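I have placed the structure first, in the form of structure tokens, so that the comments after it can refer back to it.
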Amino acid sequence: MVPAPSLESELDSLEREIVDHVFVLVPGAGVSLGLHQYDGILPDYSSSSTDHWAAQTDRLLHRLSEVAVSHLSADRKIDCALLRLFLESPLFDVREGRVLDRNPMTYLGSFTLTPYLVREYAPAADRVRAIVSVLHNVPQVLEDGRRRLTGPLPRPFVELALSIGGGLPAHFGEGEAFAERAGLAAEVRAARTTAEAALARFLEWLREEEAPRATAEFALGSERYRRLLFVREGIETPIADVHRAGVADLTRNHDRLDALAREEGVAVAELFHRLALDHPASGEVVPTAQGYVDETREFVRERDLVSIPELVRVRVEETPVWGRALSTASMDSPGPFDTDSEGVYYVTPVDATWTPVQQEQWLRSLNRTMLRNITVHEVFPGHYLQYLHWRAGRGSLTRKVYSSTSFVEGWAHYTEQLVIEAGLGSPRRNAEVAQIHDALLRDCRLLASIGLHTAGWSLEQATELFEREAHYDRLPAEREAIRGTFNPEYFCYTMGKLAILDVRARTLASQFGGSLKRFHDTLLSFGSPPIGLLPTLLAGASPA
């Protein structure tokens with residue numbers, strides 16, 4: 001059936017209205033996609049504003065439900081499902097997750113200047129204006145936060161907010177240094193002074209008033225966790241089944257690791273110990289990572305695993321100070337609307353304030369074999385390559401703005417296994433040990449997420465899980481456990497990988513003639529869809 005032009009036009013208009021509406025609450029997400037009309041805008045987090053936003057969301061959901069879906073093309077039917085989740089996901093955060101009432105990191109996380117510093121999408125003067133606008137709005141956002149954060153607040157949220165907030169002045173200093181190079185520092189300096197004064201007051205309030213009465217309560221609970229799975233990923237699988245899948249993957253990875261240890265005639269711990277000892281010095285981490293970027297790009301090209309759609313440019317830098325509390329490594333990729341294709345691969349160095357033992361532990365976690373595996377995940381054929389395909393896609397506006405964490409992270413995690421299957425690494429056994437080590441970590445994240453939020457787990461229980469099952473030292477194990485309190489969605493790595501492996505098993509031979517490249521190119525042509533829709537998308541797809 002050919003859809004009526006009026007119906008298509010009506011949906012086009014509603015689609016645009018929904019996208020604009022969502023970015024009122026999360027303008028930073030629009031900036032990261034390359035929609036620079038949102039540059040410099042911070043959200044209004046006052047209760048009256050978010051109540052109004054939520055009511056308008058309800059109205060848009062109702063209008064979307066009245067669209068005559070049966071008269072639409074197959075692609076636009078899927079877009080309607082995506083638009084529903086696009087609205088319901090942030091609405092969940094406001095109403096059910098109550099992030100603005102419970103989590104001070106929500107406010108501090110809106111102050112990033114990184115898109116304006118690393119992307120040359122516009123003249124420096126335009127980007128400096130955006131930086132000034134962000135800094136000017138810091139006091140109001142933090143004032144809204146103080147009004148809304150009615151404690152007692154979860155202790156991990158407070159402690160991490162203090163850590164993140166402590167790094168923000170240095171980040172604001174990066175903004176001033178950028179402006180200085182452009183001869184525009186004076187206005188940034190003035191705005192920075194006001195912003196940092198407001199930040200200092202906010203952090204003092206957290207430290208003096210909220211930290212002493214903070215609580216250990218942070219869990220979503222089973223019902224909200226079930227809702228989270230749906231609004232983020234379109235998944236209605238029972239939590240118990242998700243847990244079983246995580247346990248099965250953990251068991252499979254342990255079994256393979258045991259087999260590798262038997263082949264070597266050593267204990268599993270010795271396999272990891274050998275890798276850990278071969279690590280770069282603290283000053284060598286960045287150049288080592290850059291070498292792996294070049295190596296993995298050529299490996300993907302030589303093995304013809306997936307298309308590389310355009311000229312690629314990736315530089316490696318140390319993680320900005322303000323982001324080091326939450327990240328080992330990360331990829332700042334161009335958004336689907338960006339004109340600049342350069343990616344920035346961040347790797348977190350040792351912290352000079354750590355003890356020598358802690359510094360050595362951190363470097364061991366970034367040993368050379370592990371760092372190559374991380375590079376696969378973050379750059380080739382992981383995040384960076386996926387984002388290049390997303391940019392190159394010709395899908396609808398909905399497909400360009402919708403981003404599923406489980407697809408994005410699931411793809412990157414899946415590629416770690418893919419390159420081992422294709423023979424990356426010398427000796428291959430070491431490369432596979434590193435890949436399984438990271439797979440065990442992601443399995444533990446899934447299980448910790450469920451345990452912490454639906455089974456009453458303590459932080460100590462989660463920490464012990466990472467130490468026992470992922471073979472992590474105490475410091476990184478604690479960091480992983482704490483992350484699970486505020487980021488239950490770190491289930492996304494394993495859930496996304498398992499979803500991709502499932503559709504690969506179902507369609508690779510029958511639909512793609514056994515060609516991994518055709519399967520991967522088709523999968524990436526969808527953009528960044530919720531993993532619950534992958535079977536539907538592939539069922540209606542023509543192989544790329």
Residue, nearest to residue 450 (Cα to Cα), within region 499-528, restricted to residues that are surrounded by fewer than 22 Cβ atoms within 10 Å (Cβ to Cβ), under 24 Å from the mean Cα position of the chain (by Cα) and of a type in the set (A, V, I, L, M, F, W, C): 501
Residue in region 398-413 that is surrounded by fewer than 22 Cβ atoms within 10 Å (Cβ to Cβ), at pLDDT 95 or above and not in a helix (DSSP H, G or I) present: yes
First in region 166-182 and free of Cβ contacts under 8 Å to residues at least 24 places away in the same chain and assigned by TED's automatic domain parsing to the domain that holds residue 129, second anywhere and of a type outside the set (D, E, K, R) and in a helix (DSSP H, G or I), Cβ under 7 Å, 6 or more apart: 176/185; 176/188
Among the candidates 192, 224, residue that is basic (Lys, Arg), buried (at least 16 other Cβ atoms within 10 Å of the Cβ), outside any loop (DSSP other than H, G, I, E, B) and touching a residue at least 60 places away in the same chain (Cβ under 8 Å): 224
Where residue 470 falls short, out of the listed (1) in contact (Cβ under 8 Å) with a residue 40 or more places away in the chain; (2) under 23 Å from residue 406 (Cβ atoms); (3) of a type in the set (Gly, Ala, Ser): (1)
Residue, surrounded by the most Cβ atoms within 10 Å (Cβ to Cβ), within region 17-53, restricted to residues that are out of contact with any helix residue (DSSP H, G or I) (no Cβ under 7 Å at 6 or more places or on another chain), closer than 26 Å to residue 147 by Cα and of a type in the set (S, T, N, Q): 49
Residues within region 299-318 that are surrounded by fewer than 18 Cβ atoms within 10 Å (Cβ to Cβ) and assigned to a loop (DSSP other than H, G, I, E, B), tallied: 7
Any chance residue 167 is modelled with pLDDT under 95, within 22 Å of the chain's Cα centre (by Cα) and within 30 Å of residue 128 (Cα to Cα): yes
Condition check for residue 464: without any contact (Cβ under 8 Å) to a residue 40 or more places away in the chain, buried (at least 21 other Cβ atoms within 10 Å of the Cβ) and closer than 28 Å to residue 218 by Cα: no
Residue within region 261-269 that is outside any helix (DSSP H, G or I), closer than 22 Å to residue 345 by Cα and either modelled with pLDDT of 95 or more or within 24 Å of the chain's Cα centre (by Cα) (or both) present: no
Qualifying residue in region 476-484 (condition: out of contact with any Asp or Glu (no Cβ under 8 Å at 6 or more places or on another chain) and of a type in the set (Asp, Glu)): yes
Test: residue in region 120-127 that is of a type in the set (A, V, I, L, M, F, W, C), outside any helix (DSSP H, G or I) and surrounded by fewer than 18 Cβ atoms within 10 Å (Cβ to Cβ): yes
All positions within region 91-119 that are crowded, with 21+ Cβ neighbours inside 10 Å and among the polar types (S, T, N, Q): 103, 106
Criterion: of a type outside the set (S, T, N, Q) and in the same structural domain as residue 519 (by TED's automatic domain parsing) - qualifying residue of 240, 269: 269
Selection from region 351-390 of residues that are surrounded by fewer than 18 Cβ atoms within 10 Å (Cβ to Cβ) and either on the phi > 0 side of the Ramachandran plot or not in a helix (DSSP H, G or I) (or both): 351, 352, 353, 354, 355
Residue check, residue 333 under 30 Å from residue 524 (Cβ atoms), polar (S, T, N, Q), under 18 Å from the mean Cα position of the chain (by Cα) and surrounded by 15 or more Cβ atoms within 10 Å (Cβ to Cβ): yes
Meets criteria (touching an Asp or Glu at 6+ places or on another chain (Cβ under 7 Å), more than 29 Å from residue 137 (Cβ to Cβ), among the β-branched types (Val, Ile, Thr) and in a helix (DSSP H, G or I)) for residue 286: yes
Count - residues of region 492-544 that are of a type outside the set (Gly, Ala, Ser) and outside any helix (DSSP H, G or I): 4
Yes/no for residue 287 being exposed (fewer than 14 other Cβ atoms within 10 Å of the Cβ) and either among the hydrophobic types (A, V, I, L, M, F, W, C) or over 30 Å from residue 515 (Cβ atoms) (or both): yes
Selection from region 230-277 of residues that are of a type in the set (Gly, Ala, Ser), surrounded by fewer than 16 Cβ atoms within 10 Å (Cβ to Cβ) and touching a residue at least 60 places away in the same chain (Cβ under 8 Å): 269
Among the residues listed as 393, 423, the single one being over 30 Å from residue 86 (Cβ atoms) and surrounded by fewer than 23 Cβ atoms within 10 Å (Cβ to Cβ): 423
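The values are calculated or read from the model by the stated rules, or taken from the named source; none is laboratory data. If you're wondering where the values come from, they're calculated on a predicted model, not measured in any experiment. Cβ sites come from the backbone with ideal geometry, for glycine too, and all protein chains shown count toward neighbours.
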